[in-house]
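The values are calculated or read from the model by the stated rules, or taken from the named source; none is laboratory data. Everything numeric in this text was worked out from a predicted model, so none of it was measured. Cβ placement follows ideal geometry from the backbone for every residue including glycine, while neighbour counts extend to all protein chains displayed. Side chains are part of the model used for accessible areas, which takes the heavy atoms of the whole protein and leaves out ligands, DNA and RNA. Shrake-Rupley method; radii C 1.70, N 1.55, O 1.52, S 1.80 Å.
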Amino acid sequence: MASALDEDTQQSIAEGQEAAKAFLRSIQKDLQKVFVVFLIGFLGTFWALRVYIWDRLRAVTESNMSAAVAEEADIIATTPFEVILLQAKIGLIVGAITAIPPLIYVTRDELRARGMWPRSPIARWKLALLGLLAAGLFSAGVAYGVLAFFPLMFGFLAEFGLEADIQPTYGIVMWTEFIVFLSLSFGLAGQMPMVITGLSYAEIVPYETFRDKWRYAVVAIFVFGAVFSPPDPFTQLLWAFPLVALYGFSLYLAKLVVTAKRSSDRIDVLGAVRNHWNVVGGATVLGGALVYGFYEYGGRTALNDLLRLAGSTRRFLEPGAGLGVDPATALAVYAAGWALAFAAVATLWAVYTDLDTASAGYQYGDPTAIDVSELDAAGVRAAPDDAFAEMEEGESLALAQAAMDDDDPEKAQAILDRYDEANEGSDEETDEGADASGGGAGSGGGGGGGEGGLVGSVQNRTSRASSTFLAELTDGDEEGAEDDIGGYYKDLKFIFDSLRTRSFRIVAVFGVVMAAAFTWLYLGGLGTVRGDLERRVPAEIEGGINIITLHPVEALIFMVKFSVLLGIFAALPVVLYYAWPALRERGFVAGRIYQVYLWAGALGAGMIGGFALGYAYIAPGIIGWLVTDARLADMVITYQVSDFLWLVIYTTIGIGFLADIPIAMVLLNNAGVPYRVFRERWREVTIGIMLIAAVFTPADVITMFLATIPLMLAYGLGIGVLFVVTLGGRRDLSPPAEFVTR
């Protein structure tokens with residue numbers, strides 16, 4: 001390996017090794033102290049987990065469960081050394097984190113001597129304040145998860161599982177990792193105000209970007225929650241609503257610090273309070289009155305009754321209960337505290353309102369902060385040139401296209417005119433090309449009556465941008481662009497473009513079917529299927545089948561995956577219907593659009609027939625054989641819910657899918673795919689099936705082959721059927737499609 005490196009590289013590596021050895025020798029004695037800190041953190045965590053933390057996590061899990069549900073819930077270890085290894089792993093992580101600060105401290109002199117110690121222009125007290133703020137925000141996020149999110153979520157999940165006759169028996173590793181990782185995600189999400197404010201203040205990401213892209217932020221929060229939290233609507237809202245509110249508060253703080261940096265004389269807290277004294281005073285009185293009324297006029301009693309009906313053991317106590325304080329004094333303190341909190345919120349609102357009295361460009365002293373999409377045609381023409389000078393051509397085209405979609409050609413024309421004016425000199429060739437193709441960017445005057453020229457201008461600019469992209473991708477050889485990209489770039493683009501205008505209907509079909517399937521499973525369908533299959537277990541097997549969830553959200557995740565699969569299957573005929581004309585025009589299929597009805601009917605019949613066969617005979621037979629075999633071996637029959645339900649899917653819907661493979665091959669032959677293609681491409685098909693099996697089956701070789709072999713047998717059956725139907729390939733059902741002969 002050394003011979004493959006040049007002399008300079010070898011010398012640099014050698015010098016780095018010597019420097020590292022010298023550095024370690026210089027801190028060798030201090031490393032012993034760091035190791036002692038690490039050992040204390042490791043042993044302390046190991047002891048705390050065993051004595052306190054497991055019980056605390058169990059209490060959090062059961063805190064919102066009724067007594068009957070809590071009695072059924074259990075935490076188990078699935079391997080002999082699972083608990084002690086988990087404690088050791090957590091202890092190692094905590095010990096390493098604990099050892100980082102002393103390690104940095106003892107190495108500071110050596111790092112400074114080597115020029116590796118950062119020189120921060122920020123005062124130490126400010127850094128300490130930022131550190132305390134980050135720790136406080138992290139602790140607040142974790143506290144929300146532990147005190148509010150987890151009790152409600154575990155109570156809901158356990159009760160839902162029992163209603164479906166699924167035992168909430170969580171594996172200790174999955175249970176612990178679920179709580180720890182979700183707590184960390186809440187803690188990290190709590191850093192949002194500091195991160196957004198810091199990025200805006202440092203101008204790494206402009207405040208206007210966070211403000212204008214808030215819709216994307218909300219979507220990202222829900223997507224992030226869908227990945228890291230249970231997929232049911234209840235916990236999704238518990239996750240998303242606080243983070244959306246936190247994002248709004250982060251925008252508020254970012255606006256304050258950015259405004260203070262750009263024009264500090266505009267922030268006047270006392271002046272804002274004077275200007276809105278009525279709101280601030282009213283909010284203060286309202287905060288105190290709400291707390292007083294809650295305790296004195298039956299609010300506490302009514303809420304405790306609701307908690308009792310919900311099965312929660314938590315109660316709101318009388319003021320000062322357990323604190324040794326007189327109730328009247330405690331109530332006065334509570335009311336004063338909430339009055340101050342309401343006053344603080346009202347003050348923040350007053351400051352924000354006063355900051356928002358001017359236009360965006362004037363307020364921030366930055367013309368590029370203007371959102372052109374929110375202006376009308378007159379506003380676009382009156383906006384400063386700087387708002388368009390920093391704009392890319394693609395962005396101007398997108399804004400113009402959006403205005404045309406809103407039936408506002410005058411605004412679209414104004415955007416193109418202002419962009420050309422701001423970039424005059426660099427786009428002369430563009431203007432000439434636009435004038436030649438459709439009357440020019442400015443031929444429409446104010447946009448009236450010139451929509452045809454405007455459309456031509458936008459199309460010309462878009463075409464030029466696309467050709468420029470292809471030219472860069474293919475080294476200027478536009479004629480060979482299709483071959484360089486793969487030969488089917490324009491074909492696929494044409495097909496996808498034909499679906500774009502129908503995308504709403506496709507997504508609507510997918511969403512309706514997915515929501516209907518999830519709702520049915522959620523409202524008892526899961527328990528119905530489980531009970532129906534259990535009744536088919538041989539009578540001599542006493543006690544039936546015990547289904548457990550090792551992961552808290554295992555059943556819900558299965559429901560989501562199954563619902564998505566049904567939604568995709570339902571949307572495929574709609575996609576095929578809308579894509580058929582484009583597929584036929586590009587030579588991928590043959591025949592009129594009525595072929596879609598044949599496809600949908602044949603594949604649907606094959607799926608339904610295979611499902612009925614599997615549900616009536618194959619699934620009960622396989623499950624009964626497995627249960628009987630386990631019972632004869634004197635084993636306790638306890639299946640993990642995901643494994644059991646996927647076995648049901650594979651032996652019911654999977655049979656329908658196998659039946660659809662020969663049917664689909666006959667339909668493809670009728671659409672122009674000749675018999676010889678299926679016969680000669682069996683190797684590629686085998687590899688593709690194995691890849692699909694590796695993704696959609698449990699991660700072991702046996703189950704992958706258990707899925708691959710039936711699929712290949714179905715493919716072989718399809719080749720046999722085609723051999724008979726096409727007379728050995730001598731007479732296909734349709735002539736070969738154009739794409740086959742390319």
Margin query: Skipping prolines and chain starts, which residues have an amide H placed within reach, meaning under 5 Å, of the one on Gln167, given they are 5 or more residues away or on another chain?
Written below: Ile547, Ile548, Thr549
Checklist line | HN-Hα J in Hz across the stretch 647-653 - Karplus 6.51, -1.76, 1.60, θ = phi - 60°, x for Gly and Pro | finding: 4, 4, 4, 5, 8, 10, 5
Next item on the list: May I ask you to compute the full-extension gain from Trp47 to Glu680, defined as 0.36 nm times their residue separation minus their alpha-carbon distance, rounded to one decimal in nm?
Entry: 221.5 nm
Notebook entry, point to check: Simple spin-label model, 7 Å along Cα-to-Cβ: Leu717 to Glu296 in nm?
Noted result: 7.9 nm
Check: So what does Phe294 come to for accessible area, using a 1.4 Å probe and Å² rounded to 10?
Finding: 60 Å²
Check: What distance in nm separates the simple spin-label points at Ile702 and Asn546, each placed 7 Å from Cα in the Cβ direction?
Finding: 2.2 nm
Item checked: With DNA, RNA and ligands ignored, accessible area of Thr708 (1.4 Å probe; Å², nearest 10) -> 10 Å²
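Taking 0.36 nm per residue of separation and subtracting the Cα-Cα distance, what length does fully extending Val218 through Arg502 add? Display every interim value, and only then the final one.
Working: separation 284, 0.36 × 284 = 102.24 nm, distance 2.55 nm.
Contour length minus the Cα-Cα distance gives 99.7 nm.
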Margin query: Through the Karplus equation 6.51 cos²θ - 1.76 cosθ + 1.60, θ set to phi - 60°, convert the phi angles of the stretch 140-153 into ³J(HN,Hα) values in whole Hz; use x for Gly and Pro.
Written below: 5, x, 5, 4, 4, x, 6, 8, 10, 6, 5, x, 5, 5
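As an exercise, use a Förster radius of 56 Å and the Cβ-Cβ distance of Ala341 and Val36 to find the FRET efficiency, rounded to the nearest 0.05.
Working: r = 44 Å, r/R0 = 0.79.
About 0.80, to the nearest 0.05.
In the neighborhood of Ala73, defined by Cβ-to-Cβ distances under 13 Å, what is the net charge if each Lys or Arg adds +1 and each Asp or Glu adds -1?
Values: positive: Arg58; negative: Glu62, Glu71, Glu72, Asp74, Glu159.
Residues near Ala73 contribute -4 overall.
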Margin query: Need one number: nm distance between label points at Ile593 and Arg308, each 7 Å from Cα along Cα→Cβ, rounded to one decimal.
Written below: 6.5 nm
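For Ala600 and Leu613, calculate 0.36 nm times their separation in residues minus their Cα-Cα distance, and state this gained length in nm to one decimal.
Details: separation 13, 0.36 × 13 = 4.68 nm, distance 1.97 nm.
Taking 0.36 nm per residue and subtracting the Cα distance, the gain is 2.7 nm.
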Notebook entry, point to check: Residue by residue, what Karplus-based ³J(HN,Hα) values in Hz, rounded to whole numbers, does the stretch 169-179 have, using 6.51, -1.76 and 1.60 with θ = phi - 60° and x for Gly and Pro?
Noted result: 10, 8, x, 4, 5, 4, 5, 5, 4, 4, 5
Check: How big is the accessible area of Val291 in square angstrom, nearest 10, if you roll a 1.4 angstrom probe over the protein chains?
Finding: 20 Å²
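Could you sort Tyr297, Tyr201, Tyr597 by accessible area so the largest value comes first, with the probe set to 1.4 Å?
Details: Tyr297 175, Tyr201 120, Tyr597 145 Å².
From most exposed to least exposed: Tyr297, Tyr597, Tyr201.
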